[in-house]
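S.K.: Supplied in structure tokens, the structure appears directly below.
No value in this document is a laboratory result; all are computed from the given coordinates. Not measured: the values here are computed from a predicted model. Please note: Cβ atoms are built from the backbone with ideal geometry, for glycine as well, and neighbour counts cover all protein chains shown.
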4 protein chains.
Amino acid sequence: MADLVPVMSVGELEAFMEREFPQMRMGADTTTIEAVGPGFARLRLGFSERNLRPGGTISGPAMMALADYAMYAAVLAHIGPVGLAVTTSLHIDFMRRPAQADILAEARLLKLGRALAVGAIEMWQEGGEGPVAHASCTYSIPPR
Amino acid sequence: MADLVPVMSVGELEAFMEREFPQMRMGADTTTIEAVGPGFARLRLGFSERNLRPGGTISGPAMMALADYAMYAAVLAHIGPVGLAVTTSLHIDFMRRPAQADILAEARLLKLGRALAVGAIEMWQEGGEGPVAHASCTYSIPPR
Amino acid sequence: MADLVPVMSVGELEAFMEREFPQMRMGADTTTIEAVGPGFARLRLGFSERNLRPGGTISGPAMMALADYAMYAAVLAHIGPVGLAVTTSLHIDFMRRPAQADILAEARLLKLGRALAVGAIEMWQEGGEGPVAHASCTYSIPPR
Amino acid sequence: MADLVPVMSVGELEAFMEREFPQMRMGADTTTIEAVGPGFARLRLGFSERNLRPGGTISGPAMMALADYAMYAAVLAHIGPVGLAVTTSLHIDFMRRPAQADILAEARLLKLGRALAVGAIEMWQEGGEGPVAHASCTYSIPPR
């Protein structure tokens, strides 16, 4: 997938998300897009009390929302600002109990077809021993 | 799995969730537990502007949070109030664009072992043509 | 999905599979279609030494092939003999170690759209305590 | 996961598989282990008429068996020859129609815990435009 070239910058993505998806930030309201590049987008879920669950760990739904959002950012970065892309499936494995700190997510496009985009999303924490979660996600994308 | 018998009532579950998981309701703050029975729990995600995404449809992350929460309720209903059960994986397929209305979710336990619980969660809307989403979920449960 | 009506009989499906997919039976060569009905197909994987793995249990790949084949049968039963339907994703959870006996699989269609079909497949053994495996599967289907 | 160190060589793995799992090769009988290294194993599914499905493409079940087998090889390479590790779940996305040629699979361990191992498996063909499939897999591993 080395031939993928982003068509939106981080700033353009952030502005689009802010304008079109204020609710998208639900459960992820401290999420920022850190970088986009050929075939990928990297996001950061800022640590917040709101994302905690008992035991003091970051909740699964917060990480699922992060994975979905990272994939959405990766797709839009490569096809342009299309609000109508929708998730058709998501699979996530949780590997390690996250510390009370930010989580980084990098979505990597495995396919960007006419109708479907497929990607893998890895999530980790700075200084951690390995990934906290790994997801696969498919988006249905509108005809271009 | 006909031999499964709930050990918590709807009221006990709701009280436990309210006390231990105020944050769990993130992205699902209008969710109520409607019923528990042998091997299952049924929840309702009340419609809310907050759960919308562009195009006026209910967001994927709101449904993922609902699936996870429904499975959690089904597990706790059968093992008792154990805050330390954690999701180890979740898979979800989105089948139909939901209408702007409540979503019902029924989690059915497929296995309730010593260390892992596995369940299937179907989500639908009253009057809809078929399920809006279907999920599989695995929880790691503490030794009893 | 109560409005689904099969357009192929068990005999027609078996004949089509035999003619077009001799290789499909790989890892499942003792598989028979037992029933088709509105929205579902039920198959039987006959017990065979070939499907065993160490410890004397039926191998995961044999059950994955069975799930995929059951979904394929359910889709074809409802859209007619179209060789070009292809699996786009499959998720499977293994719940119980199978006994050395036949495995039954029922694929239930959750969506049969223009381009995609989604189904859930439950696998069990006669006299068993609960399902041995549960799968979700998506097929891409050609324009009709 | 940089701290992972293989404890079996390619030759030791091949000999163990040959001795203990003659049936494991079902649907993958032309599969060889090409390399093992810190946290990964790489396998090759040799092209065979047997793995074809209509349309002349390599069957989904052949790739699922390959993903499962690659993960098994990666796990054993790091924990030693333990026949009793079993798959608890597998998720696979098929991205591109494979050409009639070998398929390579690299399984990368994301977690190697006391009871569970989680990995991601990427599958591709030499000269191809991108991955043909991507899988996630969880193995339950016996106490060591």
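S.K.: At q = 0.06, 0.10, 0.12 Å⁻¹, what is the base-10 log of I(q)/I(0) for the protein assembly as shown according to the Debye formula with one equal point scatterer per Cα and no solvent? Please give it to two decimals.
M.R.: -0.27, -0.80, -1.22
S.K.: Still on this structure, I have one more. For chain B, what's the relative contact order in percent, using C-alpha pairs closer than 8 Å and at least 6 residues apart?
M.R.: Rounded, it is 24 percent for chain B.
S.K.: Something else: To the nearest whole number, what is the average tally of beta carbon atoms from other chains within 10 Å of the beta carbons of peptide B:118-129?
M.R.: 2
S.K.: Looking only at D:Met71, D:Met95, D:Met63, which one moves most when chain D is put into a Gaussian network model with springs between Cα atoms under 10 Å?
M.R.: Of D:Met71, D:Met95, D:Met63, the most mobile in the Gaussian network model is D:Met95.
S.K.: Hey, in the GNM for chain C with a 10 angstrom Cα cutoff, which one of C:Val132, C:Val82, C:Val36 fluctuates hardest?
M.R.: C:Val82
S.K.: Related question: What is the angle, in °, between the Cα long axis of helix B:60-79 and the longest principal axis of the Cα atoms in chain B? Nearest 10 is fine, range 0 to 90.
M.R.: Tilt of helix B:60-79: around 20 degrees.
S.K.: Averaged over its residues, how many other protein chain Cβ atoms are within 10 Å of peptide A:62-69's Cβ atoms?
M.R.: Mean partner-chain Cβ count within 10 Å for A:62-69: 5.
S.K.: Among D:Val7, A:Val75, C:Val118, which comes first, then next, by fewest other beta-carbon atoms within 10 Å?
M.R.: So the ranking, lowest neighbour count to highest, is D:Val7, A:Val75, C:Val118.
S.K.: Turning to a different aspect of this structure: Once the label point is placed 7 Å from Cα along Cβ, list for A:Pro143 the distances to the corresponding points in the other copies, in nm, shortest first.
M.R.: Spelled out, the distances from A:Pro143's label point are 0.9, 6.1, 6.1 nm.
S.K.: A further question follows. Put the label 7 Å from Cα along Cα→Cβ for A:Arg97; what are its distances to the other copies, in nanometres, shortest first?
M.R.: Nearest first, the other copies' label points are 2.9, 4.3, 4.9 nm away.
S.K.: If you take the beta carbon distance between C:Ser9 and D:Glu20 as r and set R0 to 41 Å, what does 1/(1 + (r/R0)^6) give as a FRET efficiency, to the nearest 0.05? Working shown, then result.
M.R.: On the way: r = 43 Å, r/R0 = 1.04.
Efficiency computed from Cβ-Cβ geometry: 0.45.
S.K.: What angle do you read, to the nearest 10 degrees and between 0 and 90, between the alpha-carbon axis of helix C:10-20 and the longest principal axis of chain C?
M.R.: For helix C:10-20, the angle is close to 90 degrees.
S.K.: In a Gaussian network model over chain C where Cα atoms closer than 10 Å are linked, find which of C:Thr87, C:Thr31, C:Thr57 has the largest mean-square fluctuation.
M.R.: C:Thr57
S.K.: Between B:Thr32 and A:Ala115, what FRET efficiency comes out of the Förster formula 1/(1 + (r/R0)^6) with R0 = 35 Å and r the beta carbon distance, rounded to 0.05?
M.R.: Rounded to the nearest 0.05, the efficiency is 0.40.
S.K.: Just counting partner chain Cβ atoms within 10 Å, what average do the residues of peptide B:77-88 show around their Cβ?
M.R.: 3
S.K.: Additional query: Going from the alpha-carbon gyration tensor of the range A:67-143, what semi-axes, largest first and in whole Å, does one get by taking the root of 5 times each eigenvalue? Please report the intermediate quantities before stating the final value.
M.R.: On the way: eigenvalues 133, 26, 17 Å².
One finds semi-axes of 26, 11, 9 Å for the range A:67-143.
S.K.: Taking a label point 7 Å from Cα toward Cβ, how far is D:Gly46 from its twins in the other copies, in nm, shortest first?
M.R.: Going from nearest to farthest copy, the values are 3.0, 5.8, 6.5 nm.
S.K.: Work out how far the C-alpha atoms of the range C:10-140 reach from end to end along every principal axis, then list the three figures in whole Å, largest first.
M.R.: 43, 28, 24
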